[in-house]
Amino acid sequence: SGARGPGRGGRAGAGVRGPSGGGGGAAAAAGGVAVDRARGGSPSLGVGLRDLDHFTDFNDANGHRAGDRLLAEAASIWRQTLRSGSDLLARYGGEEFLLVLPAPLDEAFATVERLRASTPEGQTVSAGLAHWNGRESAELLVSRADVALYAAKAGGRDRTERAAPEMLHPTRAHRRAG
């Protein structure tokens, strides 16, 4: 998966910055805003991380411009599936995207699956979905989604895995390039 870090822009809303813009810091901040909103009202909040499978291979075979076009096309298609004004899709870095879905877990899962099925150019996506437990920080919520994402990759890719609700302190030691 791609590198993340501060200083790589992103923006809130159902939009995405652009194919070369990142958003690790901005996306994490968006997750924090979503958790703050959930604390003040509806506690149903799903956070997903999605990663285009074998994106490096796609770039190697087709070139970086084609990779940028794929990212932009995927984001455009996914944005059309989301509810305007409430759902958020943000570039998280590389070929990863963060989803913030203010919805019950089953509804959030169905949305992630609809987006996964609509990935363009025959590409596949792995996704991890965590549902806010009402107490955890945005950082921990995103970390649980990250653990679920890599479980989806380890389980064969082109799938969505739900994060375990009881997981309190996931580590990133399991991460591998992908």
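Of note:
- Taking each residue of segment 91-109 that is closer than 20 Å to Glu73 by Cα and open to solvent by 10 Å² or more (accessible area, probe 1.4 Å) and looking for partners that are in a strand (DSSP E or B) and acidic (Asp, Glu) with beta-carbon atoms closer than 6 Å, six or more apart or interchain, yields Glu95/Asp51.
- Test: residue in segment 78-93 that is under 30 Å from Gly134 (Cβ atoms), part of a loop (DSSP other than H, G, I, E, B) and touching a helix residue (DSSP H, G or I) at 6+ places or on another chain (Cβ under 8 Å): yes
- Count of residues meeting criterion [crowded, with 21+ Cβ neighbours inside 10 Å and in a helix (DSSP H, G or I)] in segment 112-142: 5
- Within segment 68-90, the set of residues being open to solvent by 20 Å² or more (accessible area, probe 1.4 Å) and either within 12 Å of the chain's Cα centre (by Cα) or of a type in the set (A, V, I, L, M) (or both) comprises Ala72, Ile77.
- Some residue of segment 149-156 being under 13 Å from the mean Cα position of the chain (by Cα), touching a residue at least 60 places away in the same chain (Cβ under 8 Å) and within 18 Å of His54 (Cα to Cα): yes
- Residue check for Asp146: among the acidic types (Asp, Glu) and without any contact (Cβ under 8 Å) to a residue 12 or more places away in the chain: no
The values are calculated or read from the model by the stated rules, or taken from the named source; none is laboratory data. Note that the coordinates shown come from a computational prediction; the quantities given were computed from them, not determined experimentally. Reconstructed Cβ throughout: ideal geometry from the backbone, glycine too, with neighbour counts over all protein chains shown. The area values use the complete protein model at the heavy-atom level, side chains included, leaving out ligands, DNA and RNA. Shrake-Rupley method; radii C 1.70, N 1.55, O 1.52, S 1.80 Å.
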